[in-house]
Amino acid sequence: MHADMIITNGKVLTMDAGRPRAEAVAIRDGRIQAVGTSAGIARLAGPETRVVDVGGRTVLPGFVESHLHLVLGGAELTQLHIGGLHGLDNLKAAFAPYAAANPDAPLLMAQGAEYGLLDHPLTRHDLDQVIADRPIALMAPDHHTVWANTAALQSAGLLHGAEMPHGHEVVMAADGTATGELREFEAFGPVIALGGEQRLHLGIATGGEPDPWPDAEQRAMDKDKIARGLAHCAAHGITSMVNMDGNRYTLTLLAEMEAEGRLTARVKVPFHFKPHMDLSELDRAEAMARDFDSDFVKSGFVKMFMDGVVDSRTAFMLNDYPGTPGHRSEPLFEPERFKTICREIDARGLQIAVHAIGDGAVRTTIDGYEAAGQANGFRDMRHRIEHIELIDPADVPRLGALGITASVQPPHPPGVMDFPLSTMSSVFHRVRWRDAYLWRTLKDHGAMVAYASDWPVTDVSVLRGLQGALTRVPFGADCSDERLGLEESLHAYTSGGAFAAHLDGLCGRLVSGLAGDVVVIDGDVESVAPCELGRTGIFLTIVGGRVVFGSGDSG
């Protein structure tokens, strides 16, 4: 039978141990028909077959983005971006044209505001000097802190504080008013709502659903934002993704887009379990897993946050933070209750993914997974820990032993991509640098490793992430080299990510019968210097045999 598409004259890295290299790939009916030599695959060509000669470029399985926030990222593409900006005058200069171009916007939102943007802690009074008569807000790169001006705080009802769930805080000044700093999702949710994005933030802020249910016009607006995010990801070769926030509404939007032919990647969406929820809420998670299970839109896992982030010192540590005796932060879930929750989720056959950054949060999460396995039997559940920025040496071998996936992000270590190296000194004791961002160590101790960006926290570019992964240097002379090699890194962005998401029976390798998801790099990744990978482009992105980025013209 003739192929629908043939990609030929390529340097094909299949990520399949049985046949790691090839020259050509044939796709038929959205699936890989065959992988082999250019001459052999040419025999599958018919009069209607589209043949793409890629001229020696690298051909890989489509990238699997193991941790991002698609809906939030799509919405943020049109907002003001101030990454790397410092100083009040520069902030004013950035906001002035953005405000003029958006005269009717109910909230002027900026993304990428560094914690050290000013030489002192940022307050609403600083932001009032930027713009006082309209609500403005700045989101930190990690998306765990927002700073708002007085107008925004007044409009959101936060100027005089508000009662928040454990771990979420409207920071207050001595005079009884809010400083302008809002820590974690429920604290800054009311400000985000001013801009009309509240529907899209529910999946990460509360785990709830929009009420009333959005009408067709509102859903169309939200789907357009998702479409922008999907196009952005397709341009970076991403064909499958694990969207690390969500609810039934998110799944409904994606399913509608699939029916409309607008979904250009496979997306997994979790049920977001919050500390205040009763175990009976997991009925919703089971219903989502049952009701959304196509090749393009799936659920089947539960996401939780065990802690915050290091920059705001809300990551839960086993020891005090530098310079702040007695401060370690706290876990968002009481440890014994977390074990109960894990046992219940695991018993229902659902996967668990937990955001854990500090070594205290990582240990608490591992303990929960261990308790689930002891109660229900250690099966192939593939529970995951997201981030693992600091881990106690005693906990390193536990991931591999318990079958836990390390879902980590090459753009995150300070000094590698866009986060300043100075962060290391302020949040980690020097003696603990050797326990930070231990990708190689975790893999060597048996953990499966999946790579991701955490977009829009960092750049979604897989090739920039790959460059960061391959060029990262140890933090100090007593720190080990934590880089994975090129092949291992590509594995973590493809088959490793597919395995971590229970998608390995569908994608992640170029093997006959699996999905026709392919990315063609505009160069030879094995010949490009690691320090140049981030400037290497994507030539073609194919999902299920459909070109979603690039023309495929090699001319």
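The values are calculated or read from the model by the stated rules, or taken from the named source; none is laboratory data. All values derive from a computational prediction rather than experimental measurement. Virtual Cβ from ideal backbone geometry, glycine too; neighbours counted across all protein chains shown.
Within the range 449-475, being aliphatic (A, V, I, L, M) and within 15 Å of LEU490 (Cβ to Cβ) holds for VAL449, ALA450, ALA452, VAL462, LEU463, LEU466, ALA469, LEU470. Could you go through the range 55-70 and let me know if any residue there is hydrophobic (A, V, I, L, M, F, W, C), within 16 Å of VAL457 (Cα to Cα) and touching a residue at least 24 places away in the same chain (Cβ under 8 Å). Within the range 55-70 (the criterion being hydrophobic (A, V, I, L, M, F, W, C), within 16 Å of VAL457 (Cα to Cα) and touching a residue at least 24 places away in the same chain (Cβ under 8 Å)), the answer is yes, since at least one residue qualifies. Per this entry, ARG284 is not counted among residues that are at pLDDT 95 or above, out of contact with any His (no Cβ under 8 Å at 6 or more places or on another chain), surrounded by fewer than 16 Cβ atoms within 10 Å (Cβ to Cβ) and basic (Lys, Arg).
Can you tell me which residue among VAL520, VAL511 is farther than 10 Å from VAL64 by Cα and not in a loop (DSSP other than H, G, I, E, B)? The match here is VAL520. Annotation for the range 450-459: no member residue is over 22 Å from ILE204 (Cα atoms) and modelled with pLDDT of 95 or more. From the list VAL302, VAL309, the lone residue that is assigned by TED's automatic domain parsing to the domain that holds LYS268, of a type outside the set (Phe, Trp, Tyr), touching a helix residue (DSSP H, G or I) at 6+ places or on another chain (Cβ under 6 Å) and not in a helix (DSSP H, G or I) is VAL302. Residue pairs whose Cβ atoms lie under 7 Å apart, separated by 6 or more positions or on different chains, with the first residue in the range 279-292 and within 14 Å of GLN351 (Cα to Cα) and in the same structural domain as VAL269 (by TED's automatic domain parsing) and the second among the charged types (D, E, K, R) and outside any helix (DSSP H, G or I), are LEU282/ARG348; GLU286/ARG348. Residues being assigned to a loop (DSSP other than H, G, I, E, B), among the hydroxyl-bearing types (Ser, Thr, Tyr) and under 24 Å from the mean Cα position of the chain (by Cα) are represented in the range 527-548 by at least one member. Filtered by the rule that a residue be of a type outside the set (A, V, I, L, M), in a loop (DSSP other than H, G, I, E, B) and in contact (Cβ under 8 Å) with a residue 40 or more places away in the chain, the range 81-96 gives GLY83, GLY84. Scanning the range 370-393 for residues that are of a type outside the set (A, V, I, L, M) and closer than 30 Å to PRO414 by Cα, which turns out surrounded by the fewest Cβ atoms within 10 Å (Cβ to Cβ)? Here the answer is PRO393.
In the set (1) hydrophobic (A, V, I, L, M, F, W, C); (2) touching a Cys at 6+ places or on another chain (Cβ under 9 Å); (3) surrounded by fewer than 23 Cβ atoms within 10 Å (Cβ to Cβ), the condition left unmet by LEU421 is number (2). For the range 48-84, a residue qualifies if it is at pLDDT 95 or above and hydrophobic (A, V, I, L, M, F, W, C), and the qualifying residues are VAL51, VAL52, VAL54, VAL59, LEU60, PHE63, VAL64, LEU68, LEU70, LEU80, ILE82. Among the residues of the range 296-342, those identified as within 20 Å of the chain's Cα centre (by Cα) and among the charged types (D, E, K, R) are LYS298, LYS303, ASP307, ASP311. Within the range 228-259, being at pLDDT 95 or above and at positive phi holds for one residue alone: GLY237.
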